[in-house]
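Contents: one structure, followed by commentary.
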Amino acid sequence: MHLVFPVDPQIQRNRLARTPWLVRCAFSLLILFIGAPIVFAADDSAIPYPGFVEPALDAGEEARLEAAAQSVDQEAKLELLHYYRNTGNWKTGIKRAKAFLEDTPGDQALQEMRTNLQLLKLGKVGMFGKVKAGKAMLRDCEADLALAPDNSQAKLCIARFHNVAPGIAGGKKAKAEEMLARLENEDRARYFQLKAEMAKSEEEAFGASDQSLAVRIMPNVALGAAMQAMRKENWALAARYFEMINVETDDGVDHPSRMALYQQGKMAALSGEYLEAGDAAMVRFLKGSTMIGGTDFRPSAHWRRAEILQHMGRNQEALAALRHALKLDPKHEQAKKALQQVASRG
């Protein structure tokens with residue numbers, strides 16, 4: 001059945017005149033706020049946007065990783081724990097890490113992943129939760145050290161607890177500094193890692209003679225140094241640090257490299273420099289996992305890529321990138337604002 005509306009102009013005018021003005025205003029607003037997005041969305045498919053095709057989600061990834069971790073393969077166990085960290089599932093991750101360590105109690109790589117998951121938990125829970133989580137973390141670190149007094153990972157774990165745990169949870173900066181001094185001659189890689197985490201500035205973290213060695217042996221130290229340079233708008237130095245990180249790795253769970261790809265793209269978006277390298281890095285980031293520490297960076301990556309595309313004069317692709325960001329996260333405020341600005345410029 002079809003409804004037929006009158007088309008006589010005079011009839012339409014008479015009916016409009018009898019319509020309360022509040023209803024007419026409401027109808028106009030409805031057209032403004034609902035009609036406009038329909039117009040925006042109508043020609044999306046006509047706009048080329050290289051790199052925006054999303055990778056297929058592997059719904060069975062967790063089950064596959066869990067099955068692989070049942071073997072004696074340490075790499076499979078570490079990959080599973082990386083997965084739980086990147087998806088923010090610290091609860092299951094800590095439980096699995098402790099189960100693995102019951103079989104191989106002295107495995108420092110597994111101990112490090114357990115610590116990373118515990119630090120993730122410390123950052124997510126409330127104050128009273130921090131007290132409980134901090135005590136559990138410190139208890140595990142001290143047990144590892146009691147088992148093997150020369151265990152540098154256990155010392156790093158204790159130091160990281162004291163560096164990040166609030167006083168109410170028992171953290172003391174002096175104890176972190178004590179462990180830093182012990183690690184300096186025992187394990188240079190972990191010494192540099194802790195020094196970078198404790199430092200309030202790049203200069204405080206490294207002397208001139210330490211810097212190149214630090215970034216060679218600890219990729220996450222280079223990432224921290226790059227981000228520090230970005231905060232100072234020293235784009236050339238940041239770009240040099242990004243080159244030191246192995247961003248060619250396709251490993252979807254390699255946290256420093258995945259974040260380095262995103263930050264390299266962000267640097268290009270902010271600076272308007274190193275655009276080709278920044279765009280390539282962001283596209284590589286979007287082709288893999290974008291979950292890091294329980295946060296999905298995918299919508300923000302499309303927003304940042306849109307900024308890069310604008311710097312390159314590719315405004316139509318920038319529009320498509322922004323619309324795609326909003327398709328993924330309709331509440332992304334920066335993408336909304338940017339879309340209005342780019343659209344108004346034509």
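The values are calculated or read from the model by the stated rules, or taken from the named source; none is laboratory data. Given the structure is predicted, the values throughout are model-derived calculations rather than measurements. In this analysis, Cβ positions are derived from the backbone assuming ideal geometry, glycine residues included, and neighbour counts consider all displayed protein chains. Remember, those area values only see protein heavy atoms, side chains included, never the ligands or the DNA or RNA. Shrake-Rupley method; radii C 1.70, N 1.55, O 1.52, S 1.80 Å.
Observations, loosely collected:
- Near pairs, Cβ below 8 angstrom, 6+ apart or cross-chain, from the stretch 93-117 (closer than 18 Å to residue 187 by Cα) to any residue that is of a type in the set (A, V, I, L, M) and open to solvent by 50 Å² or more (accessible area, probe 1.4 Å): 106/147
- Those residues of the stretch 130-167 which are under 23 Å from residue 293 (Cα atoms), touching a helix residue (DSSP H, G or I) at 6+ places or on another chain (Cβ under 8 Å) and not aliphatic (A, V, I, L, M), in sequence order: 130, 134, 135, 140, 141, 153, 157, 160, 161, 162, 163, 166
- From the options 91, 98, 77, residue that is at pLDDT 90 or above, open to solvent by 40 Å² or more (accessible area, probe 1.4 Å), in contact with a Phe, Trp or Tyr (Cβ under 9 Å, 6 or more places away or on another chain) and not hydroxyl-bearing (Ser, Thr, Tyr): 91
- Within the stretch 304-336, considering residues that are in a loop (DSSP other than H, G, I, E, B), closer than 30 Å to residue 119 by Cβ and of a type outside the set (Asp, Glu), the one most open to solvent (accessible area, probe 1.4 Å): 331
Residue-by-condition table, conditions (1) farther than 24 Å from residue 86 by Cα; (2) at pLDDT 95 or above:
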| residue | (1), (2) |
| --- | --- |
| 240 | yes, no |
| 272 | yes, yes |
| 282 | no, no |
| 289 | no, no |
| 298 | no, no |
| 308 | yes, yes |
| 320 | yes, no |
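- Evaluation of residue 266 against the conditions (1) at pLDDT 95 or above; (2) surrounded by fewer than 21 Cβ atoms within 10 Å (Cβ to Cβ); (3) among the basic types (Lys, Arg) shows that the sole unmet condition is (2).
- Taking the stretch 312-339 as the range and being among the acidic types (Asp, Glu) and under 19 Å from residue 286 (Cα atoms) as the test, the residues that pass are 317, 329.
- Residue within the stretch 119-141 that is among the acidic types (Asp, Glu) and modelled with pLDDT of 85 or more present: yes
- Residues in the stretch 272-303 that are of a type outside the set (S, T, N, Q), touching a Phe, Trp or Tyr at 6+ places or on another chain (Cβ under 6 Å), outside any helix (DSSP H, G or I) and open to solvent by less than 50 Å² (accessible area, probe 1.4 Å): 297 alone.
- The stretch 101-124, residues that are small (Gly, Ala, Ser) and under 20 Å from residue 194 (Cβ atoms): 109, 123
Yes/no matrix, rows are residues, columns are (1) outside any helix (DSSP H, G or I); (2) open to solvent by less than 20 Å² (accessible area, probe 1.4 Å); (3) of a type in the set (Gly, Ala, Ser):
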| residue | (1), (2), (3) |
| --- | --- |
| 131 | no, no, no |
| 138 | no, no, no |
| 145 | no, no, no |
| 149 | yes, no, no |
| 153 | no, yes, no |
| 174 | no, no, yes |
| 177 | no, no, no |
| 183 | no, yes, no |
